[in-house]
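Written below as structure tokens is the structure these notes are about.
Laboratory data are not the source of any read-out in this text; all were calculated from the coordinates shown. Quick caveat: nothing in here was measured; it's all calculated off a predicted structure. Neighbour counts run over all protein chains shown; Cβ positions are idealised from the backbone, glycine included.
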Amino acid sequence: MAVNENLRTPIVSVMGHVDHGKTTLLDMIRGSAVAEGEAGAITQHIGATEVPIENIVTKCGDPSLKDRFIVPGLLFIDTPGHHAFTSLRSRGGALADLAIVIVDINEGFMPQTIESLHILKRFKTPFVVVANKIDRIHGWNPNKNSSFLASYNKQSERVKTDLDNKFYDIVGELYNLGFNSERFDRVGDFQRNIGVIPISAVTGEGISDVLMILLGLAQKFLEGSLHYTAKSPGIGTVLEVKEEKGLGTTIDTILYDGTIKKGDIIVVGSLGDPIQTKIRALLKPRPLSEIKAEEKFQQVAEVTAAVGVKISAPNLEGALAGAPVRVVSPETIDAITAEVKSEIADVQIDTDSVGVTIKADTIGSLEALVNELRKEEIPIRKAHVGDVSNRDIVEVSAIEDPFYSVIIGFNVKVLPDAKEKLQTTSEVTLFRNDVIYRLIDDYKDWAKKQKE
Ligand code: GTP
Ligand code: MG
């Protein structure tokens, strides 16, 4: 087996609690892979880093690997925070093919670690858990860029025991969340057990193990789902909507199928009617060597999946993170616009029936919140993207059932006039959090107390 031309690069999302080391891990993967393998170039994308299979193979020190794996490499998405995963949606599913959940071995599970695992469970996304910062274990003797086992075997008995204890806390936490896990080298069947890999993103210990296991997961789980057609019209997802000096509003897009060209007409999801616009420029970051160049980006004529690219075009102001981006032709524009519109409408709910009102920051997070509430059989009256507004408060205050005169806000602000209104409107209860399961727990606890 060798690299298969018709398979696109799997998309790997890095998730975990703040400060547990997502960015450092990606820097290390990038840096060490650049240093050790010159065969294929590491490419920096908008919001992503692509590591070709050649570099991974060199990093793992076993050239025969290349014949065992069929994927062309791995595309790591490095947008900060665990919210990136829910933004990276496609038709109600997850765009990421694989994930890494990173947890600080000395701190253990934190709310966003748990949130990440809830999300992965719902989407059935294959993942590994990385237990980071092993170099911080008291007495750890670092072995730069070594595999985990080689370094572990050189540690004193006391250090080994200390690591094992912390490690089994993580295995216990995973068990409580419904996952069977084991140290990666002891996992026989990755379909039944989650592999946990102790690493240090600073010394590079265990990084080669992470790359190997990810390739293994890609091979095992994804072979059937990575086929794509390079020549077909591009399909992507908005990762972030960004103002850029001199360019106006741009959309950082992850393209996961087909090709997108400068001058193409695209349809982009928004809260109102989908945006139809013509691509003015496709932009990629300048190579690291040119980082001092005046302009941050360089123009490209076309790109093919899977890539991260910045799209500059008129009228992108209303674009939504997590919404689809589709290349269209005069023949397909009407049908695709209707499709995009209904896709967004499917996520936003607007009914006259009784239920709670929910607000969220992106289309993906709204979708995740709706799903969780449905699982708990909590009825929803209205679900919209956006901050909590005065109008929301007025509407909700008119609801008579106190269980439903409630607004649940995920990662949103309360607008100033709404804040004022809230102070004088005692019948409205507002729940806000940036962790979905906490919001649900808070609401349930509150509802229980109301009943008593
Ligand atoms: P957010 O993007 O804010 O969510 O954080 P993050 O998960 O990207 O964490 P980041 O990589 O920024 O790391 C946070 C801090 O931990 C930084 O000071 C890193 O240098 C440090 N750090 C990360 N990994 C390691 C590690 O393996 N060992 C040690 N000693 N420090 C680490
Ligand atoms: Mg970060």
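Of the residues Gly206, Gln44, Ser405, the one whose Cα sits farthest toward the positive end of the charge dipole of the chain, with +1 on the Cβ of Lys and Arg and -1 on the Cβ of Asp and Glu, is Gly206. From the alpha carbon centroid of the range 185-240 to that of the range 291-342 is 26 Å. Magnitude of the charge dipole for the range 397-440, about its Cα centre and with charges confined to Cβ atoms of Lys, Arg (+1) and Asp, Glu (-1), is about 240 debye. Pair-distance distribution of the range 155-241: all C-alpha pairs, bin width 10 Å, starting at 0; shares per bin in whole percent are 13, 32, 29, 18, 7, 1. Hey, if you put +1 on the Cβ of every Lys and Arg and -1 on every Asp and Glu Cβ in the range 267-378, which of Val370, Ala360, Pro314 ends up farthest toward the positive end of that dipole? Of the listed residues, the answer is Pro314.
The HN-Hα couplings worked out from phi for the range 142-156 by the Karplus form 6.51 cos²θ - 1.76 cosθ + 1.60 (θ = phi - 60°) are x, 10, 3, 6, 6, 5, 4, 4, 4, 6, 4, 5, 8, 7, 5 Hz, whole numbers, x standing for Gly and Pro.
Can you give the net charge of the other residues whose Cβ lies under 12 Å from the Cβ of Ser365, counting K and R as +1 and D and E as -1? Counting the neighbours of Ser365, the net charge comes to -3.
If you bin all the Cα-Cα distances of the chain at 10 Å, starting from zero, the percentages per bin are 4, 20, 27, 25, 16, 6, 1. Here the translational diffusion coefficient of the range 177-335 follows from Stokes-Einstein with Rh set to the Kirkwood radius across Cα pairs; for 20 °C and 1.002 mPa s it amounts to 117 µm²/s. Counting Lys and Arg as +1 and Asp and Glu as -1, what is the net charge of the other residues whose Cβ lies under 15 Å from the Cβ of Asp273? Surrounding charge for Asp273 is -2. In the chain, the calculated helix contribution to ellipticity at 222 nm averages -10000 deg cm²/dmol per residue, counting -39,500 (n - 2.57) for every DSSP H run with n ≥ 4. In this label model, Lys144 and Asn180 are separated by 4.1 nm, measuring between points 7 Å along each Cα→Cβ vector. Seen from all directions on average, the range 317-424 presents a Cα convex hull projection of 8.1 nm². The charge dipole of the range 271-357, taken about its Cα centre with unit charges on the Cβ atoms of Lys, Arg (+1), Asp and Glu (-1) only, comes to about 620 debye.
Note on the chain: antiparallel DSSP beta bridges, both residues inside, total approximately 60 percent of the bridges counted. Say the cut-off is 25 Å between C-alpha atoms; which of Lys231/Lys310; Lys166/Lys375; Lys121/Lys448; Lys261/Lys341; Lys22/Lys341; Lys284/Lys359 go over it? Correct reply: Lys166/Lys375; Lys121/Lys448; Lys22/Lys341; Lys284/Lys359.
Length gained on full extension, Lys231 to Arg374, computed as 0.36 nm times the residue gap minus the Cα-Cα distance: 47.6 nm. Under 5 Å between amide hydrogens, built in the peptide plane, is the criterion, and for Ile194 it picks out Asn180, Ser181, Glu182 among residues at least 5 positions away or on other chains. Can you compute the FRET efficiency between Asn390 and Asp334 using 1/(1 + (r/R0)^6), with r the Cβ-Cβ distance and R0 = 35 Å? Round to the nearest 0.05. Efficiency, rounded to the nearest 0.05: 0.45. The magnitude of the dipole of the chain, with charges of +1 and -1 set on the Cβ of Lys/Arg and Asp/Glu and taken from the Cα centre, is near 520 debye.
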